[in-house]
Structure formats: structure tokens, C-alpha cells
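Peer 1: There's a structure below that I have some questions on.
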Amino acid sequence: MGVSVKINASDQRKLVKDIKNFSLNVGVKVERVVEDIALYTVQQASNMVPVDKGILKGSIRAEKKGKYTWEVATNSGYGLYIEFGEPTGTGPNGGPRPFLRPGFERAKAKAFAYLKREFKK
């Protein structure tokens with residue numbers, strides 16, 4: 001037993017248009033979620049970073065790099081040493097005190113909730 005469906009040219013054009021609109025809508029929602037995750041990562045990393053004078057905390061930022069691509073980073077010269085530790089492990093900053101990676105892990109855990117929120121709209 002088979003099923004066949006016939007659509008006329010007008011219905012076919014409407015279907016193609018609807019599929020394109022759906023695709024664009026999904027893309028916009030995913031872009032919004034990626035941005036929200038990047039900003040949430042900044043918030044979480046800022047909450048976890050060790051603070052002396054607050055320079056490192058104030059330097060954590062998110063920047064859009066392309067479609068669906070954001071970078072969360074710090075432009076302070078010593079953020080790398082706080083995140084991963086001194087190469088020798090004996091410098092003034094000592095061992096690693098990660099803040100960016102754990103911030104991202106917390107944000108990543110929320111990704112599905114963000115997606116669910118966007119697709120309910």
C-alpha cells in the first residue's frame with residue numbers, strides 16, 4: 001500500500017517559501033542562544049575569577065566573531081597564568097585557578113534550557 005501526494009505549482013511555491021522561512025527562523029534563534037551562552041559564560045567566569053584589584057575580572061568579555069561564533073576571553077596579560085597556572089608552577093600566581101573553562105561548563109549546562117526557551121516562542 002502506498003501513499004501519494006499531489007500538489008499544484010502554487011502549493012509547491014508556498015511550501016518552498018515556508019521551508020526557507022522556517023530555516024531562517026531557526027538560524028536566528030540559534031544565533032540568539034549562542035549569544036546568550038557567551039554572555040552567561042562571561043557572567044559565570046566573572047563570578048569565579050580570583051580578584052585582587054579587579055583588573056582581570058573587568059577584562060573578561062564576549063565578542064561576536066561570526067555567525068554562530070562568539071569568543072569569550074580576557075585581554076589581560078596574566079589571565080592565561082591564572083587559568084592554567086605558571087609554567088613552572090612557582091610564580092607569584094602559583095598553580096591554576098580556572099575561571100573561563102568552568103564558566104563555560106556552567107553555561108553549556110544551560111544551553112538546552114536556552115534552546116527550549118527560544119523554540120517555545
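The values are calculated or read from the model by the stated rules, or taken from the named source; none is laboratory data. It should be emphasised that the depicted structure is a prediction, and the values quoted were computed from it without experimental measurement. Cβ placement follows ideal geometry from the backbone for every residue including glycine, while neighbour counts extend to all protein chains displayed.
Peer 1: Could you list, in sequence order, the residues of region 1-16 that are part of a loop (DSSP other than H, G, I, E, B) and exposed (fewer than 10 other Cβ atoms within 10 Å of the Cβ)?
Peer 2: Result: MET1, GLY2, VAL3, SER4, VAL5, LYS6, ASN8.
Peer 1: Of the residues PRO92, PRO102, which is modelled with pLDDT of 90 or more and of a type outside the set (Gly, Ala, Ser)?
Peer 2: The unique qualifying residue is PRO102.
Peer 1: If you go through region 39-80 one residue at a time, how many are surrounded by fewer than 13 Cβ atoms within 10 Å (Cβ to Cβ), charged (D, E, K, R) and either part of a strand (DSSP E or B) or in contact (Cβ under 8 Å) with a residue 12 or more places away in the chain (or both)?
Peer 2: Qualifying residue count for the region: 4.
Peer 1: Residue by residue through region 18-38, note down the ones that are in contact (Cβ under 8 Å) with a residue 60 or more places away in the chain and either more than 17 Å from ARG117 (Cβ to Cβ) or acidic (Asp, Glu) (or both).
Peer 2: Correct list: ASP36 only.
Peer 1: Just for region 25-38: of the residues that are over 14 Å from LEU100 (Cβ atoms) and either touching a strand residue (DSSP E or B) at 6+ places or on another chain (Cβ under 8 Å) or small (Gly, Ala, Ser) (or both), which one is surrounded by the fewest Cβ atoms within 10 Å (Cβ to Cβ)?
Peer 2: Applying the filter and picking the extreme gives GLY27.
Peer 1: Filtering region 107-121 down to residues that are assigned to a helix (DSSP H, G or I) and charged (D, E, K, R), which residue is nearest to the chain's Cα centre (by Cα)?
Peer 2: LYS108
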